[in-house]
């Protein structure tokens, strides 16, 4: 797995935020559809009670509207689920990228520590050689 750059992780984070916002918008749309349908249902009931429309006509209107609202609601719910799945996948990708970056950072720290030990040992050897040469 190639090591991800911080820019990749940042892009993935922004994508995740965007998907989360889309999911919230989809959920708002689903709620609005439910409210709209409830209002429509009340309107039809009121018109039946006032005698403005016959029950048979109202039943056909409601059936037709139920199909329409049901399709819209199903579509909105499907979009919400799709967005949630994308968000979950992005979450998992981001977690993997972060773990890879942390591992890469640990490797680099270990390399630097090894270099410091080698330099320190070299400096100690150099000082010992100088000391021995001074004794002569």
* Given the conditions (1) modelled with pLDDT of 75 or more; (2) under 20 Å from the mean Cα position of the chain (by Cα); (3) surrounded by 13 or more Cβ atoms within 10 Å (Cβ to Cβ), and given that residue 66 satisfies all but one, which numbered condition is not satisfied? -> (2)
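Conditions (1) touching a helix residue (DSSP H, G or I) at 6+ places or on another chain (Cβ under 7 Å); (2) closer than 30 Å to residue 10 by Cα, marked per residue:
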position	(1), (2)
27	yes, yes
36	no, no
45	no, no
56	no, no
87	yes, yes
96	no, yes
106	no, yes
109	no, yes
133	no, no
* Could you please let me know if residue 83 is surrounded by 14 or more Cβ atoms within 10 Å (Cβ to Cβ), in contact (Cβ under 8 Å) with a residue 24 or more places away in the chain and touching a helix residue (DSSP H, G or I) at 6+ places or on another chain (Cβ under 9 Å)? => yes
* Please name all residue pairs, on different chains or six or more residues apart, with Cβ atoms under 7 Å, provided the first residue is in the range 8-33 and is on the phi > 0 side of the Ramachandran plot and surrounded by fewer than 16 Cβ atoms within 10 Å (Cβ to Cβ) and the second residue is modelled with pLDDT under 70 and in a helix (DSSP H, G or I). => none
* Please tell me if residue 52 is outside any helix (DSSP H, G or I) and either out of contact with any strand residue (DSSP E or B) (no Cβ under 7 Å at 6 or more places or on another chain) or without any contact (Cβ under 8 Å) to a residue 12 or more places away in the chain (or both). => yes
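The values are calculated or read from the model by the stated rules, or taken from the named source; none is laboratory data. Since this is a predicted model, take the numbers as computed values, not measurements. Neighbour counts are summed over all protein chains in view; Cβ atoms, including those assigned to glycine, are modelled from backbone coordinates with ideal geometry.
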